[in-house]
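Everything below concerns the one structure shown next.
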Amino acid sequence: MTPGNNGASTPEDDDPFGYLYADGQANGAQPPSGGYGYPNSVNRVHTVGTRQYGQPGPNAGQPAQPGATAAYGQAPQQQGAYGQPNAHYAAPETFPGGAPTTQQSVPGGGGRSRGPNTKGLLIGAVAVVAAVVIGIGVAMLGGNNKDSGSGSEAGATPEQSQENKPSPSPSDSQAEVKLPTVDAKALRLDGGATVASDVKGAKADGGFYVAGFNQVGSSVTWTVNRIPKSGKYSVYVGYSVPGKDATATLTVNGTAANSPVNLKNYAKAPEGDYEKGWTKTYNWIQLNKNTNTIKLSCEEGNQCDALIDQLWLVKGWVNS
């Protein structure tokens with residue numbers, strides 16, 4: 001049975017630390033000898049509530065223990081004003097060989113720690129916002145200018161840039177080549193054929209045409225150049241008949257065609273009226289690349305009473 005218990009209490013009333021309290025001491029509780037049973041330990045026991053913080057105790061002159069507290073129910077005594085040295089604590093720099101007491105200031109910092117450059121960030125953000133606003137304003141001004149310009153001409157067609165235009169294919173280039181046309185004065189005349197301009201309505205330059213074609217042996221020959229390629233062509237003849245049909249013989253590169261040239265009265269002119277009989281006809285032919293000769297002549301069996309003003313070529317075999 002531990003000190004401080006006279007046996008009248010129940011076991012759960014035994015308190016090994018009863019000597020620390022007033023009622024335990026009244027019951028005769030004594031502290032254990034030898035400092036809680038540890039060898040060579042120092043007995044520094046104080047009754048709870050009897051030790052005054054900051055006053056010398058039984059162990060005066062000894063270093064203060066970490067567990068020392070103020071009297072029960074009393075606030076601990078302040079150890080000095082804020083920022084003043086604590087009586088129970090000495091900074092490392094106060095000891096010999098301790099750390100230096102001066103603080104090294106950051107250059108340009110004025111003794112303060114420098115935070116993020118918020119001023120620079122703010123200026124950068126303002127610059128970005130200003131650039132965006134300026135860009136939007138320029139775009140809006142440009143759109144207004146375009147709108148005002150497009151309204152000046154109603155139904156204006158947008159221009160197509162040169163780069164967007166489709167490049168012509170080889171077949172398109174050949175189709176764009178203008179085939180030659182010949183007037184009466186440029187033809188070679190043989191067999192009594194002559195050039196005249198008395199009858200009105202001829203389409204050749206100056207109103208000239210070939211007359212005297214109404215006799216056997218008369219002919220006109222066209223030496224045509226610049227034929228882009230060999231192949232099928234149609235030769236047109238501009239003529240006039242005096243209200244009745246006529247025929248002629250067609251010869252290409254020395255070979256006579258099987259079918260005659262039909263010089264019919266397509267204009268429905270009255271008989272004997274050359275001026276109202278101007279019209280045209282065509283024949284299908286084969287030409288070589290570059291130079292060819294086309295001859296129109298009055299041969300035996302032909303009815304050749306006609307005036308001739310022009311000859312021209314069309315690519316391919318046409319139907320009209």
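The values are calculated or read from the model by the stated rules, or taken from the named source; none is laboratory data. Worth saying up front: this structure is predicted, and the values here are computed from it rather than measured. Note that each Cβ is placed from the backbone with ideal geometry, even for glycine, and that neighbours are counted across all protein chains shown. All accessible areas refer to the heavy atoms of the entire protein, side chains included, with ligands and DNA or RNA removed. Shrake-Rupley method; radii C 1.70, N 1.55, O 1.52, S 1.80 Å.
Numbers at a glance
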read-out	value
Residues that are in a strand (DSSP E or B) and either open to solvent by 70 Å² or more (accessible area, probe 1.4 Å) or without any contact (Cβ under 8 Å) to a residue 12 or more places away in the chain (or both), drawn from region 218-262	THR223, ASN225, ARG226, LYS232, THR255, ALA256
Matching residues in region 274-285 - criterion: being open to solvent by 40 Å² or more (accessible area, probe 1.4 Å) and assigned to a loop (DSSP other than H, G, I, E, B)	TYR274, GLU275, LYS276
Residues being under 21 Å from SER197 (Cβ atoms) and open to solvent by 30 Å² or more (accessible area, probe 1.4 Å) - total across region 302-320	3
Residues (open to solvent by 30 Å² or more (accessible area, probe 1.4 Å) and not small (Gly, Ala, Ser)) located in region 286-301	GLN286, ASN288, LYS289, ASN290, THR291, THR293, LYS295, GLU299, GLU300
Selection count where residues are over 55 Å from the mean Cα position of the chain (by Cα), closer than 15 Å to TYR236 by Cβ and charged (D, E, K, R), scope region 178-195	1
Neighbours by Cβ (under 6 Å, 6+ apart or cross-chain): first from region 181-198, among the charged types (D, E, K, R); second open to solvent by less than 40 Å² (accessible area, probe 1.4 Å) and assigned to a strand (DSSP E or B)	ASP183/GLN310; ARG188/THR221; ASP190/SER219
Given (1) open to solvent by 60 Å² or more (accessible area, probe 1.4 Å); (2) among the polar types (S, T, N, Q); (3) not in a strand (DSSP E or B), number of the condition ASN265 does not satisfy	(1)
